[in-house]
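Take a look at the structure below.
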Amino acid sequence: MFTHITVGADDIDASRKFYDAALGALGLPAATGPDPKGRYWWRTDRGAFAIGKPIDGEPACHANGGTIGFHARTAEMVKAFHDAGVAAGGRSIEDPPGERNGPFGVLNLAYLRDPSGNKICALHRVG
């Protein structure tokens, strides 16, 4: 459904360090870039994710109520994503990393805020 997701970041270096660590824990290579607009990209055969200063020149802000979820192949990757993200300047939010049983079955989840306040999640479907 999605081709790419881009989030704003005021401190590109801090955000790139954070995402290289957190997404690296999920097996993604380090970001490429910057592109001509100053954005850094993490790409897979399933889509792309980018950070950059807002093109309109205004400060970056997070989407209150929004979450970006990243696929994790294992439960261990979910925990590694969380720990790497916190070590690289992110903030752990909501419940600690682990299993949740809900309407979509059993999921292993970890939620973080990146250095710009964007809410992200690693998700592994159990079973």
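The values are calculated or read from the model by the stated rules, or taken from the named source; none is laboratory data. Computed from a prediction, not measured in an experiment: that's the story for all the values here. Neighbour counts are summed over all protein chains in view; Cβ atoms, including those assigned to glycine, are modelled from backbone coordinates with ideal geometry. Remember, those area values only see protein heavy atoms, side chains included, never the ligands or the DNA or RNA. Shrake-Rupley method; radii C 1.70, N 1.55, O 1.52, S 1.80 Å.
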How many of the residues making up region 1-42 are without any contact (Cβ under 8 Å) to a residue 24 or more places away in the chain and among the hydroxyl-bearing types (Ser, Thr, Tyr)? 1
Anything in region 77-127 that is under 16 Å from SER15 (Cα atoms) and free of Cβ contacts under 8 Å to residues at least 40 places away in the same chain? List them, or say none. VAL86, ARG91, SER92
Where in region 1-104 are there strands (runs of 3 or more DSSP E), lying fully within it, with 3 or more residues that are more than 16 Å from GLY117 (Cα to Cα) and over 16 Å from the mean Cα position of the chain (by Cα)? 91-102
Quick one: LYS53 ticks every box in (1) more than 16 Å from ALA88 (Cα to Cα); (2) open to solvent by 80 Å² or more (accessible area, probe 1.4 Å); (3) without any contact (Cβ under 8 Å) to a residue 12 or more places away in the chain bar one, so which box is it? (3)
